[in-house]
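What follows is a short report on a single structure.
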Amino acid sequence: MKGNLFIITAPSGAGKTSLVGALLDGDEHLKLSVSHTTRQPRPGEIEGVHYYFVPEAKFVEMLGHGDFLESAQVHGGYYGTSGSTVDAVLQQGLDLILEIDWQGAQQVRQQYQDAISIFILPPSIEALEQRLNNRGQDSAEVIKRRLAAAREEMSHVAEFDYVTINDRFEHALEDLRAIIRSQRLRRDKQLARHQDVVQNLL
């Protein structure tokens, strides 16, 4: 039985990475797709765990070979998701999360029309700006650009299947868990997963 493909999108600073990390804890059937990027690693990021960090020339080469399911240029860096890696995980029956932007989400839905897309919103622009400042990773100019990009990204929220607002972390986390659980309980998934039970009952 093929796994579910979840697309999770949010503007920078909305808490997506922390929420996804909490989702993955304790759920052995849920995996995170590791994207390729040309940007430099941030403090604490590990090669092959958070991203595959590659030179721009290598990324362009992979793009030319059609290796990416989706790719985009964001904040001056390139990002891409390996199509073969995604398919391999889903064929194992595992659920997979793609942490990608709205452009990538559009590209993925063209090839995986049954992908489940989720948009995480901050409670306000002011809260988003405060979170970006609190990270202490970016200059004032970079934060200004990220806020402008956030407004553009959030204008695409209507394209997504589900929306949650990360005002309180635990509430947003429960929303995401509920979405994942509901997809696992869909008729086609349950009948495929429990064929023996259903046959005995009928």
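Residues Gly80, Gly66, Gly93, Gly48: which one is surrounded by 15 or more Cβ atoms within 10 Å (Cβ to Cβ) and within 21 Å of Leu5 (Cα to Cα)?
Details: Gly66 fails: surrounded by 15 or more Cβ atoms within 10 Å (Cβ to Cβ); Gly93 fails: surrounded by 15 or more Cβ atoms within 10 Å (Cβ to Cβ); Gly48 fails: surrounded by 15 or more Cβ atoms within 10 Å (Cβ to Cβ).
Only one candidate qualifies: Gly80.
Could you please tell me which pairs satisfy a Cβ distance under 8 Å, a separation of 6+ or placement on different chains, a first residue in region 1-15 that is free of Cβ contacts under 8 Å to residues at least 12 places away in the same chain and within 15 Å of Ser155 (Cα to Cα), and a second residue that is surrounded by fewer than 24 Cβ atoms within 10 Å (Cβ to Cβ) and small (Gly, Ala, Ser)?
Pairs that qualify, where the first residue is free of Cβ contacts under 8 Å to residues at least 12 places away in the same chain and within 15 Å of Ser155 (Cα to Cα) and the partner is surrounded by fewer than 24 Cβ atoms within 10 Å (Cβ to Cβ) and small (Gly, Ala, Ser): there are none.
Identify all residues within region 69-96 that are outside any helix (DSSP H, G or I) and touching a Ser or Thr at 6+ places or on another chain (Cβ under 7 Å); write none if there are none. Break it down stepwise before answering.
Kept after step one, since they are outside any helix (DSSP H, G or I), are these residues of region 69-96: 69-82, 92-96.
Within region 69-96, Leu69, Glu70, Gly77, Tyr78, Tyr79, Gly80, Thr81, Leu96 meet the criteria.
For region 103-202, give me every one of the helices (runs of 4 or more DSSP H) that falls completely inside it and has 2 or more residues that are hydrophobic (A, V, I, L, M, F, W, C) and touching a residue at least 12 places away in the same chain (Cβ under 8 Å).
On the way: elements: 125-135, 140-154, 169-184, 187-193, 195-201.
Qualifying helices (runs of 4 or more DSSP H): 125-135, 140-154, 169-184.
Scan region 187-199 and tell me whether some residue there is within 16 Å of Thr17 (Cα to Cα) and either surrounded by 13 or more Cβ atoms within 10 Å (Cβ to Cβ) or modelled with pLDDT of 95 or more (or both). So that I can check it myself, show each step before the final result.
We begin by selecting, within region 187-199, every residue within 16 Å of Thr17 (Cα to Cα); these are none.
The answer is no, given that none of the residues of region 187-199 is within 16 Å of Thr17 (Cα to Cα) and either surrounded by 13 or more Cβ atoms within 10 Å (Cβ to Cβ) or modelled with pLDDT of 95 or more (or both).
Can you tell me which residues in region 2-32 are under 15 Å from Ala115 (Cβ atoms), assigned to a loop (DSSP other than H, G, I, E, B) and either of a type in the set (Asp, Glu) or at pLDDT 95 or above (or both)?
Gly3, Asn4
Looking only at residues in region 107-148 that are under 24 Å from Gly44 (Cα atoms) and hydrophobic (A, V, I, L, M, F, W, C), which one is surrounded by the fewest Cβ atoms within 10 Å (Cβ to Cβ)? Walk me through how you get there before you give the answer.
At the first step, the residues of region 107-148 found to be under 24 Å from Gly44 (Cα atoms) are 120, 122, 127-147.
If we keep only those that are hydrophobic (A, V, I, L, M, F, W, C) as well, we get 120, 127-128, 132, 140, 142-143, 147.
Working: Ile120: 23, Ala127: 15, Leu128: 25, Leu132: 23, Ala140: 8, Val142: 14, Ile143: 18, Leu147: 16.
Across region 107-148, the extreme among qualifying residues is Ala140.
Taking region 84-102 only, how many residues are in contact (Cβ under 8 Å) with a residue 24 or more places away in the chain and over 13 Å from the mean Cα position of the chain (by Cα)?
So in region 84-102, the residues in contact (Cβ under 8 Å) with a residue 24 or more places away in the chain come out as 85-86, 89-102.
Checking the rest, the ones that are also over 13 Å from the mean Cα position of the chain (by Cα) come to 85, 89-94.
Residues flagged as in contact (Cβ under 8 Å) with a residue 24 or more places away in the chain and over 13 Å from the mean Cα position of the chain (by Cα) within region 84-102 amount to 7.
Among the residues of region 121-137, is any of a type in the set (Asp, Glu) and within 23 Å of Asp95 (Cα to Cα)? Lay out the reasoning, then the answer.
Just the residues of region 121-137 that are of a type in the set (Asp, Glu), to begin with: 126, 129.
Still in the running and within 23 Å of Asp95 (Cα to Cα): none.
The answer is no; no qualifying residue exists.
The values are calculated or read from the model by the stated rules, or taken from the named source; none is laboratory data. Small disclaimer: the values here were computed from a predicted structure and weren't measured. Neighbour counts run over all protein chains shown; Cβ positions are idealised from the backbone, glycine included.
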